[in-house]
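I have placed the structure first, in the form of structure tokens, so that the comments after it can refer back to it.
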Amino acid sequence: EAGVVQSPRYKIIEKKQPVAFWCNPISGHNTLYWYLQNLGQGPELLIRYENEEAVDDSQLPKDRFSAERLKGVDSTLKIQPAELGDSAVYLCAVGDGGVAGELFFGEGSRLTVL
Amino acid sequence: AQRVTQPEKLLSVFKGAPVELKCNYSYSGSPELFWYVQYSRQRLQLLLRHISRESIKGFTADLNKGETSFHLKKPFAQEEDSAMYYCALSGSGNEKLTFGTGTRLTIIP
């Protein structure tokens, strides 16, 4: 079975506070993605990992966002400090390797910044 | 650059009527196109991809390179088709998947 478990499902914080999201793949996948989904928009790629290496982080706002993928399995995404505009759903997905474009998404972490 | 355009944010169709969700893309090379679906309270999931040329839940989509389109079609809509639909593009050899803004399909009983 492919897919990921994300936590927390919901998070409410005040601006300037830090926040972290976790992504735990159910089974082994080389490729892991973090997407950002604003209200009324499609998912937008933040960062893509091949095993432990971030191979595409061009869309990640590096002044406040950071991510890591330990041992090429679980991953965390952190925002510090959070801003009002960061309110969105953060999606984690894993790829099947051999089939480009077939991604298995988690349920997402919905962030509200007050 | 890769771009996917879904011109309709909302689409309402009566049950039993045909459905067409529009998708246009921009990509300089040979694209791979996909449709993803998100049912209420469920996670985003792959519906179909053009390379497999299959029909899933009665839906089909044909890649038209001349018109740079990948419209999703179903001849007879069912109530369970109500969902959010996203068209997505991946460049050949490129693992990056670019999504459109989505179309919310509502089937009217």
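Things worth noting here:
- Candidate set: the stretch A:58-114, residues that are within 11 Å of another protein chain (Cβ to nearest Cβ) and aromatic (Phe, Trp, Tyr); chosen: the one nearest to A:Phe21 (Cα to Cα): A:Phe105
Yes/no per residue for (1) over 27 Å from A:Ile13 (Cβ atoms); (2) in contact (Cβ under 8 Å) with a residue 60 or more places away in the chain; (3) not aromatic (Phe, Trp, Tyr):
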position: A:Ile47; (1), (2), (3): no, no, yes
position: A:Val55; (1), (2), (3): yes, no, yes
position: A:Arg64; (1), (2), (3): no, no, yes
position: A:Thr76; (1), (2), (3): no, no, yes
position: A:Leu84; (1), (2), (3): no, yes, yes
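- The stretch A:33-76 - residue that is hydrophobic (A, V, I, L, M, F, W, C) and not in a strand (DSSP E or B) and, of those, modelled with the lowest pLDDT: A:Leu70
- The residue of the stretch B:44-72 that is farthest from the chain's Cα centre (by Cα), among those that are surrounded by fewer than 17 Cβ atoms within 10 Å (Cβ to Cβ) and of a type in the set (Lys, Arg), is B:Lys65.
- Some residue of the stretch B:70-82 being within 14 Å of another protein chain (Cβ to nearest Cβ) and either more than 24 Å from A:Ala93 (Cα to Cα) or in contact with a helix residue (DSSP H, G or I) (Cβ under 9 Å, 6 or more places away or on another chain) (or both): yes
- Residue in the stretch B:3-18 that is surrounded by 19 or more Cβ atoms within 10 Å (Cβ to Cβ), closer than 27 Å to A:Ser109 by Cβ and touching a Leu at 6+ places or on another chain (Cβ under 9 Å) present: yes
- Scanning the stretch B:32-69 for residues that are in a strand (DSSP E or B), aliphatic (A, V, I, L, M), free of Cβ contacts under 8 Å to residues at least 40 places away in the same chain and more than 9 Å from every other protein chain (Cβ to nearest Cβ) gives B:Leu47, B:Leu48, B:Ile56, B:Ala61.
The values are calculated or read from the model by the stated rules, or taken from the named source; none is laboratory data. Here the structure is a predicted model, which is why all the values come from computation and not from measurement. Methodologically, a virtual Cβ is constructed for each residue, glycine included, from the backbone with ideal geometry; neighbour enumeration extends over all protein chains shown.
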